[in-house]
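Below is one structure, written out as structure tokens, with a few remarks after it.
The values are calculated or read from the model by the stated rules, or taken from the named source; none is laboratory data. The model shown is predicted, which means the values in this text are computed figures rather than measured ones. Don't worry about glycine lacking a Cβ; one is built from the backbone with ideal geometry, like all the others, and counts go over all protein chains shown. Protein only, heavy atoms only, side chains kept; ligands, DNA and RNA dropped before computing areas. Shrake-Rupley method; radii C 1.70, N 1.55, O 1.52, S 1.80 Å.
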Amino acid sequence: MAASMPRLNNYPFKRVSKVAFMFLTKGMLPLSPLWERFFKGNGALYSIYIHSLPSFQADFSLSSVFYKRQIPSQVSEWGKMSMCDAERRLLANALLDISNEWFVLLSESCIPLFNFTTIYNYISRSKYSYIGAFDDPGPHGRGRYNESMLPEVEITKWRKGSQWFEINRELAHYIVQDTKLYPKFAEFCKPPCYVDEHYFPTMLTIQAAHLLSNRSATWADWSRGGPHPATLGISDITEEFMGRLYEGHSCLYNDEHVSSCYLFARKFSPSSLEALFLIAPKYLGF
């Protein structure tokens, strides 16, 4: 059904374009009070979808923006195709709403870095979608390529990028419609080839490289080393830390250099919620 939905935005009727916020979680959304404040007053411009473990039963109140926003789910595991399946499931559900024009993948540890209006304008005015898709010649990039993927996937098109993305409706259609590359990645990209880092970046490079910004709009702290970004708690939320989030960045936005490169950030622990509430008026803008 999702694959058959319209992919272009020149509809012959009046339509308000929305951003679909898709939360890929294990269970609860511990930072939901912050998101509730972020979404407040903008109901006509967004949709919410939650993919959790099938065993999780949410208990959001009737007044919550997250009330009854869970979609039918399956177990997903990091680094395996089931993770991409969950993301495709979120996109498919979101595509069924013809008003959804942009799609943001988030986790339960993500926060917005600006108010809703700023993020909506940034996304809606951009010529590109925000997904990393770079050619890594090293062992963790091209070193994960398997020649058995030929002829569908050539090594010159093999890409790597962050799991967390923002894409437009056209790219979302490519992802849910794909039956050509999916079997190749499912069979030949298994740990230590982590398929959630390669499948979408490679497929979208093959299908529509000209629409990709080749960067994620979600910030993470990799300064501590290791296979995963740092988890940030209450003691990390300082004036100095917030300065690092907003300063010292340079990237391209609509082919011009800007300092506002990130719209979201992760990984924030539940303990950070109180501190985030305190800094929200000054830094997050809500």
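Taken over region 268-282, the criterion of being surrounded by fewer than 18 Cβ atoms within 10 Å (Cβ to Cβ) and within 25 Å of Ile131 (Cα to Cα) is satisfied by Ser269 alone. Restricted to region 146-170, and to residues there that are within 16 Å of the chain's Cα centre (by Cα) and free of Cβ contacts under 8 Å to residues at least 60 places away in the same chain, the residue that is surrounded by the most Cβ atoms within 10 Å (Cβ to Cβ) is Gly161.
Please count how many residues of region 196-218 are surrounded by fewer than 21 Cβ atoms within 10 Å (Cβ to Cβ), touching a residue at least 40 places away in the same chain (Cβ under 8 Å) and not polar (S, T, N, Q). Going through region 196-218 one residue at a time, the tally reaches 4.
Only one of the numbered conditions (1) modelled with pLDDT under 95; (2) of a type outside the set (Phe, Trp, Tyr); (3) open to solvent by 10 Å² or more (accessible area, probe 1.4 Å) is not met by His257, and that is (1). For region 39-76, give me each residue that is over 16 Å from Glu87 (Cα atoms), among the aliphatic types (A, V, I, L, M) and open to solvent by less than 60 Å² (accessible area, probe 1.4 Å). Hits for region 39-76 are Leu45, Ala58, Val65.
Going through region 60-115 one residue at a time, which ones are among the charged types (D, E, K, R), in a loop (DSSP other than H, G, I, E, B) and touching a residue at least 60 places away in the same chain (Cβ under 8 Å)?
Of all residues in region 60-115, those among the charged types (D, E, K, R) come to 68-69, 77, 80, 85, 87-89, 97, 101, 108.
Cutting the leftovers down to in a loop (DSSP other than H, G, I, E, B) gives us 68-69, 77, 80, 97, 108.
The answer is Lys80, Asp97, Glu108.
Pairs linking a residue in region 244-256 that is touching a residue at least 24 places away in the same chain (Cβ under 8 Å) to a residue that is open to solvent by 40 Å² or more (accessible area, probe 1.4 Å) and of a type in the set (D, E, K, R), with Cβ atoms under 8 Å and 6 or more positions apart or on different chains, are Asn254/Arg125; Asn254/Lys127; Asp255/Lys127.
For region 40-54, a tally of residues being in contact (Cβ under 8 Å) with a residue 24 or more places away in the chain and farther than 18 Å from Leu284 by Cβ returns 8. Among the residues of region 144-192, those that are of a type in the set (D, E, K, R) and within 23 Å of Phe103 (Cα to Cα) comprise Arg159, Lys160, Glu166, Arg169, Glu170, Asp178, Lys180.
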